[in-house]
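These notes concern the structure reproduced below.
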Amino acid sequence: MTQRIAVLGATGSIGDSTLAILAAQPHTYEVYALSGYHRLDKLFALCQQFLPKRVSVPTSAVDDFAHRLKAAGIDSEVVGGEAGLVDIATDSQTDTVVAAIVGAAGLPSTLAAARVGKRILLANKEALVMAGKVMIDAVKTHKATLLPLDSEHNAIFQCLPLAIQQDNTQIHQSNHGVRKLWLTASGGPFLQQSFEQMQQASVAEAVKHPNWSMGQKISVDSATMMNKGLELIEACHLFDLPEDKINVVIHPQSIIHSMVEYSDGSFLAQLGSPDMKTRIDSGSQPLDLFALSGLEFIEPDLQKFACLRLARQAMQAGTQATIVLNAANEIAVAAFLDGKIRLTDIADINEQALNDIQLPPLNETADIEDILAIDKIARHLTDKLVAKLT
Ligand code: NAD
Ligand code: MG
């Protein structure tokens, strides 16, 4: 039977990889719905290729886009805005939702998918950073399945016992003999450069990742290692472990995608060539062990990569702090991409936001409205921090 898939964030880098895989197996997968936000020409081309039943675009673009599709003889239904994304994410006709929107914008639709029990392939790590508890509770209550597409988390998932992999209620419980998780990091484009060189980095230098080609925001996050910080928080929620049970190791070759250290001292690692499509049988390059020279493992420098330290600090402080850190980082990265601040200002802004925006811990019953309210406060105050610098 074909699986009907909704791809949210279809015009992005994860969207590209996902749709390449789906296109290669048309008898297994039907692309039922797509969403896009910025590059609507690209979304239009995807509609021509996949003829989805439903498409979501920004509210202001609904009429134009519907008109354009109609003129081309494509009868996809066009919906708009956050409500449109939620509508697509919860459509009873789909089995699987690929959550590949970048940033906080992906949270409402991802959570909505969990609340109707979908199988979610999660790339949107920010959803877990902001709302880990709410998300995992929703997954458990509504018997959804949450599988990480992030290569590190997917690697860890693959290194867990098979019985746990097959029982989606157990993945998010830390009772499987795990002593520690080891997230590998490439170290990004500035690993071999000084802090001063990093300070002078242009946008083009910062988004040039050594091993992967990705969207702009995650590329900047990789340069500051905020990405690994967000992944650390993501892993805490996905695998129900405190932050001190998750180590980060820089492994510049990106061949080991991550590791699980078990209580008996053994390590299980997942290896592969650095290609985002490896996780699903997709015809990506096989790993040639004989062509590898050495594999290196380096401890991260937390002064140069302060964002990683801030992520641990936020995780210890609680959800309100991880929401603030995520929001501040999104604002700061956008300001860097706009040429308003330096790359190294991102960590300073994130740290100031964490210190200045002191909010009481969220209570047990906090829901998405409470989370989005904190997100809004944090964005507003971070805008002011950016303005001070510019
Ligand atoms: P991208 O910038 O290439 O694509 C982002 C997608 O989100 C696009 O389709 C865009 O139209 C959509 N989008 C952006 N803003 C939106 C908004 N306000 N409302 C609705 N849609 C919006 O990003 P990406 O690199 O594909 O990353 C997507 C997510 O996957 C991120 O959370 C990232 O951390 C995660 N991720 C990416 C990779 C990778 O290889 N690119 C790897 C692991 C995890
Ligand atoms: Mg990753």
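The values are calculated or read from the model by the stated rules, or taken from the named source; none is laboratory data. Treat the numbers as computed from the prediction; the structure is a model and nothing was measured. Methodologically, a virtual Cβ is constructed for each residue, glycine included, from the backbone with ideal geometry; neighbour enumeration extends over all protein chains shown.
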For region 323-363, enumerate the residues that are in a loop (DSSP other than H, G, I, E, B) and touching a residue at least 24 places away in the same chain (Cβ under 8 Å).
Gly339, Lys340, Ile341, Arg342, Leu343, Thr344, Ile357, Leu359, Pro360, Pro361, Leu362
For residues in region 207-231 being part of a helix (DSSP H, G or I) and more than 11 Å from ligand 2 (Cβ to nearest atom), which is farthest from Asp301 (Cα to Cα)?
Gln216
Would you please list the contacts, defined by Cβ atoms under 7 Å and residues six or more apart or on different chains, that run from a residue in region 141-153 that is under 14 Å from Asn227 (Cβ atoms) and assigned to a helix (DSSP H, G or I) to a residue that is among the charged types (D, E, K, R) and within 8 Å of ligand 1 (Cβ to nearest atom)?
none
Some residue of region 156-179 being of a type in the set (A, V, I, L, M, F, W, C), surrounded by 15 or more Cβ atoms within 10 Å (Cβ to Cβ), farther than 30 Å from Arg119 by Cα and under 23 Å from the mean Cα position of the chain (by Cα)
no
Of the residues Ala105, Ala131, which single one is more than 10 Å from ligand 1 (Cβ to nearest atom), closer than 25 Å to Val220 by Cβ, touching a residue at least 12 places away in the same chain (Cβ under 8 Å) and out of contact with any Pro (no Cβ under 6 Å at 6 or more places or on another chain)?
Ala131
Among the listed residues Leu8, Leu51, Leu34, which satisfies the condition of being surrounded by 18 or more Cβ atoms within 10 Å (Cβ to Cβ) and either more than 8 Å from ligand 1 (Cβ to nearest atom) or of a type in the set (D, E, K, R) (or both)?
Leu34
Apart from one, (1) within 15 Å of the chain's Cα centre (by Cα); (2) in contact (Cβ under 8 Å) with a residue 60 or more places away in the chain all hold for Val249; the odd one out is (1)
Taking region 295-307 and keeping only residues that are part of a loop (DSSP other than H, G, I, E, B) and in contact (Cβ under 8 Å) with a residue 12 or more places away in the chain, one is left with Leu295, Glu296, Phe297, Glu299, Pro300, Gln303, Lys304, Phe305
Out of all the residues in region 108-131, is one or more of a type in the set (Gly, Ala, Ser), modelled with pLDDT of 95 or more, within 16 Å of ligand 2 (Cβ to nearest atom) and touching a helix residue (DSSP H, G or I) at 6+ places or on another chain (Cβ under 8 Å)?
yes
All conditions in (1) modelled with pLDDT under 95; (2) closer than 10 Å to Leu183 by Cβ are true of His257 except (1)
Output the number of residues of region 364-383 satisfying the condition of being part of a loop (DSSP other than H, G, I, E, B) and surrounded by fewer than 17 Cβ atoms within 10 Å (Cβ to Cβ).
3
